[in-house]
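Mind having a look at this structure? Questions to follow.
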Amino acid sequence: MDNRPIGIFDSGLGGLTVWKEIARALPDESLIYFGDGKNCPYGSRTPEEIRQFSTEAIEFLLGKACKLIVVACNTATAAAIDYLRSRYSIPLVGMEPAVKPAALASQSGVIGIVATEGSLHGELFRAASSKYADKVRILPAVGEGFVELVESNREETPEAVAVVRKAIEPLLEEGADQIVLGCTHYPFLTKAFRQVIGTRKVALINPAPAIARRVEFLLSQNELHAEPGRQATRTFHTAASQDYLDKLIAKSEQAKQMDF
Ligand code: DGL
């Protein structure tokens, strides 16, 4: 038994879509969420900058005695996970570009993946894509402006629908029947995605539940589970302002209510 908390971090609010799944799957585990906020978005930052921000987040969470840390950001995973694993011995869980489930489920043989520029240029995406390249056509698209919509609580606006349409309509026109949400902010835009998809038979793939299962597996493997039935805590921190922290806490409530 190990009652120390699990740490979760992201550039901002997006990692709450992963936090929500972990909180649901592991109610006895205390969670500490760190949403950078100050340096968000990471999408167009250099890998060196992202490694620096990720190191700061990990140091913060280690200072809170975390037993396992989830890099709940595809962009930070792409730029920094190998570097972080080489520096820290604590179990680290990164985001996976969910190409495999999309490729296996596709009937049309075409899948779309929407992510930040940084994620799509990363080695993880290249490796996952080349593994399935002979089975499906993989169409990448940058979610231009998506993170900004979520960070400013504008997901349910006509503007959000227009921004999502611009990115995914070309994928739909090419026959994609699976769209991978390759950035942890994007599940907050599910309604806008569905509005653009309309009556077309297209599935959205959110990798967050699989990440929660991975956390559970690592807790078991390393005998790190907390005592069953204990009072778990959920706390939130940021490198930005008190206003940002208030927004983060409000967004965590929204994440809990949302059906991603
Ligand atoms: N939530 C992030 C991701 O999963 C990062 C978005 C950003 O800061 O650009 O990629």
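Since every read-out is calculated from the coordinates, none of them should be taken as a lab result. Not measured: the values here are computed from a predicted model. Reconstructed Cβ throughout: ideal geometry from the backbone, glycine too, with neighbour counts over all protein chains shown.
Segment 14-115: D in µm²/s via Stokes-Einstein (Kirkwood Rh, Cα pairs, 20 °C, 1.002 mPa s)?
143 µm²/s
Mind giving me the nanometre distance, one decimal, between the label points for LEU62 and ALA25, set 7 Å out from Cα along Cα→Cβ?
About 2.5 nm, to one decimal.
Taking H as built 1.01 Å from N, whose amide H comes closer than 5 Å to the amide H of CYS73, not counting residues under 5 places away?
Distant-sequence amide H within range of CYS73: MET95.
Fully extended, how many nm does the chain gain between ARG213 and GLN254 (0.36 nm per residue separation, minus their Cα-Cα distance)?
Here the segment from ARG213 to GLN254 would lengthen by 12.6 nm.
Set the Förster radius R0 to 22 Å, insert the Cβ-Cβ distance between LYS38 and ARG87 as r into 1/(1 + (r/R0)^6), and round the FRET efficiency to 0.05.
Given R0 = 22 Å and the Cβ-Cβ separation, E is 0.50.
Can you sort LEU16, LEU172 by how many other beta carbons sit within 10 Å, fewest first?
Least crowded to most crowded, the residues run LEU172, LEU16.
At a 10 angstrom cut-off on C-beta neighbours, averaged per residue, how do the peptides 245-257, 35-47, 72-84, 56-68 rank from highest to lowest?
Ranked from most to least packed, the peptides come out as 72-84, 35-47, 56-68, 245-257.
Another question, then. What value, in deg cm²/dmol to 500, does the helix sum -39500 (n - 2.57) over DSSP H runs of n ≥ 4 give at 222 nm once divided by the residues of the chain?
Value at 222 nm, helices only: -14000 deg cm²/dmol.
Normalising by the residue count of the chain, find the relative contact order in percent from Cα pairs under 8 Å and 6+ residues apart.
29 percent
May I ask you to list the GluC sites (Glu not before Pro) in segment 155-233 that are in a DSSP loop and have at most 14 other Cβ atoms within 10 Å of their Cβ?
Of the GluC sites (Glu not before Pro), the ones in loops of segment 155-233 whose Cβ has at most 14 other Cβ atoms within 10 Å are GLU156, GLU174, GLU223.
Could you state the orientation-averaged shadow area of the convex hull built on the Cα atoms of the chain, in nm² to one decimal?
13.2 nm²
Continuing with the same structure: Using only Cα atoms, find the angle between the long axis of helix 16-25 and the longest principal axis of the chain, and express it within 0 to 90 degrees, rounded to the nearest 10.
60 degrees
If you don't mind, another one. Let's test the formula: R0 of 35 Å, r as the Cβ-Cβ distance of GLU174 and MET1. What FRET efficiency results, to the nearest 0.05?
Computed FRET efficiency for GLU174 and MET1: 0.10.
Also, quick follow-up: Using the Karplus curve 6.51 cos²θ - 1.76 cosθ + 1.60 with θ = phi - 60°, work out ³J(HN,Hα) for each residue of segment 250-260 in order, rounded to whole Hz, and write x for Gly and Pro.
Taking θ as phi minus 60°, the curve returns 4, 5, 5, 5, 4, 4, 5, 7, 6, 9, 6 Hz for segment 250-260.
Using θ = phi - 60° and the Karplus form 6.51 cos²θ - 1.76 cosθ + 1.60, what ³J(HN,Hα) does each residue of segment 55-65 get, whole Hz, x for Gly and Pro?
Whole-Hz 3J(HN,Hα) from phi for segment 55-65: 5, 4, 5, 5, 4, 4, 5, 5, x, 9, 6.
So if each residue of separation counts as 0.36 nm, and I subtract the Cα-Cα distance between GLU159 and LYS191, what length gain in nm does that give?
Here the segment from GLU159 to LYS191 would lengthen by 10.3 nm.
Output ³J(HN,Hα) for segment 225-237: one whole-Hz value per residue in order, computed from phi by the Karplus curve 6.51 cos²θ - 1.76 cosθ + 1.60 with θ = phi - 60°, and x for Gly and Pro.
4, 7, 4, x, x, 6, 7, 7, 10, 10, 10, 10, 9
Could you order the peptides 117-125, 229-237 from most to least packed, using the average number of other C-beta atoms within 10 Å per residue?
So the order, starting with the most tightly packed, is 117-125, 229-237.
Count neighbours as other Cβ atoms within 10 Å of each site's Cβ, and list the trypsin sites (Lys or Arg not before Pro) in segment 124-220 that are DSSP loop with at most 16 such neighbours.
Taking segment 124-220 and a limit of 16 other Cβ atoms within 10 Å, the loop trypsin sites (Lys or Arg not before Pro) found are LYS135, ARG154, ARG200, LYS201.
Also: So how far, in whole Å, is the C-alpha centre of segment 132-146 from the one of segment 190-226?
With segment 132-146 and segment 190-226 each reduced to a Cα centre, they are spaced 18 Å.
Hey, another quick one. Could you tell me the distance between the Cα centroids of segment 78-104 and segment 1-28, to the nearest Å?
Cα centroid to Cα centroid, the span is 16 Å.
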